[in-house]
Structure formats: C-alpha cells, structure tokens
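**Student:** Questions regarding the structure given below will be posed in turn.
The values are calculated or read from the model by the stated rules, or taken from the named source; none is laboratory data. Please read these numbers as outputs of a predicted model, since none were measured by experiment. Cβ: placed from backbone, ideal geometry, glycine included. Neighbour counts: every protein chain shown.
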C-alpha cells in the first residue's frame, strides 16, 4: 500500500461509516415493520438462541479455552490471536457502553417515550449501539484481520447475531450498524497492536549470523 492510500484509508473508513449509519437511520422504521410482519415460531427460536449465545461472555469463554489449548500445543501465534479476541471484546464493550449511556436512545419496545435522551443507565434507553453486535464483530473482526480465510468462513455467525437483535425487537437497524462499526474498529486496532508486538518479538529473537 502506497503512502497516499495509507493516509486516505482512515478518511475513507470514516466516510463509509457515516454513509452506512445515515442509510441505516433512514431504513430503521421499514426494517422494524418488516421484521414484525414476518415472524415465525421456528425462526424466533433460532434468533433467541443466537441472541442468547451471541453476547460477550460465551465469546470470551470460547477464546480463553482456545487460548489454553494453544498454549499447551505450543502455538504462540494462535495463543496471541485468541487473547487478541478477548481484548477486542473488552475494548469494544467499554467503548460501546460509554456511547450507549451518552446517547440514551430508546429501544424499539419503548413506545411511550421514544427517541434520544442522553445519559441514561436504564437498559430501555441503551439501544445505540448494539452491545451484542459490537462484541461479536470485534471478536470475529479481529479473527478476520488475523486469519482472513478462517474469519470469512465464520462471518455468518456475527451476521446472524446482529440480525437476531433486530428481529427480536431489541435494537433498530442503525443500532446494529453502529455496533458493527465499533466492533470492527476495535478488532482492527487490537489486532494491529498485537501483530506489531509479535513482529517486534520475532525480530528481537533473530540473532546475527
């Protein structure tokens, strides 16, 4: 990547995020209505399971178990990757929670006092961004940046979890897009940090002939 592309990448990423969010806000109401009109018991059960297992504790538990296995297997690369997934979840969760409280957006289920309120700690007013989406996107996003092929194969998992939040009426479409932006950014920054540390450690281990 040339110098101009490296310098332009953050601005292009920010522009894309703004466009996605604006588009999502525009389609919030139609998507919510469509989801409500196309409910079925079987799909609801699948979405409930995806939402239940799609929160950050199961993600972190899986990554920690995998990290222990990688440690005993002597795989330094995968140990770093799995620990990076945990760190990505933590960063995304922290940033996401701060935005939630500051934004104070009502969930779709709130009909008497909808809208944006700011500095709300009640779960009814912490819709934006979606915490589930931020966590799962950070987790699988970091994996995608670390191991592209594996990350692409597992990409349907975060997509299903994000969809379940809208389907179940827990979030607006824009909440999910916002969570995906937070998660993707967190996953990228965490893996970039870990990757650079791995490169420095590898370079320090190389001794001159």
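**Student:** Checking residue 170 against (1) modelled with pLDDT under 95; (2) part of a helix (DSSP H, G or I), only one condition comes out false. Which one?
**Tutor:** Looking at each condition in turn, residue 170 falls short on (2).
**Student:** When you scan the stretch 65-73, do you find a residue that is at pLDDT below 90 and either surrounded by 15 or more Cβ atoms within 10 Å (Cβ to Cβ) or assigned to a helix (DSSP H, G or I) (or both), even just one?
**Tutor:** No; the residues of the stretch 65-73 include none that is at pLDDT below 90 and either surrounded by 15 or more Cβ atoms within 10 Å (Cβ to Cβ) or assigned to a helix (DSSP H, G or I) (or both).
**Student:** So which residues in the stretch 103-162 are buried (at least 21 other Cβ atoms within 10 Å of the Cβ), touching a strand residue (DSSP E or B) at 6+ places or on another chain (Cβ under 7 Å) and part of a helix (DSSP H, G or I)?
**Tutor:** Across the stretch 103-162, the qualifying residue is only 125.
**Student:** Follow-up question, since we're still on this one. Quick check: is even one residue across the stretch 149-163 modelled with pLDDT of 95 or more, over 9 Å from the mean Cα position of the chain (by Cα) and over 27 Å from residue 52 (Cβ atoms)?
**Tutor:** yes
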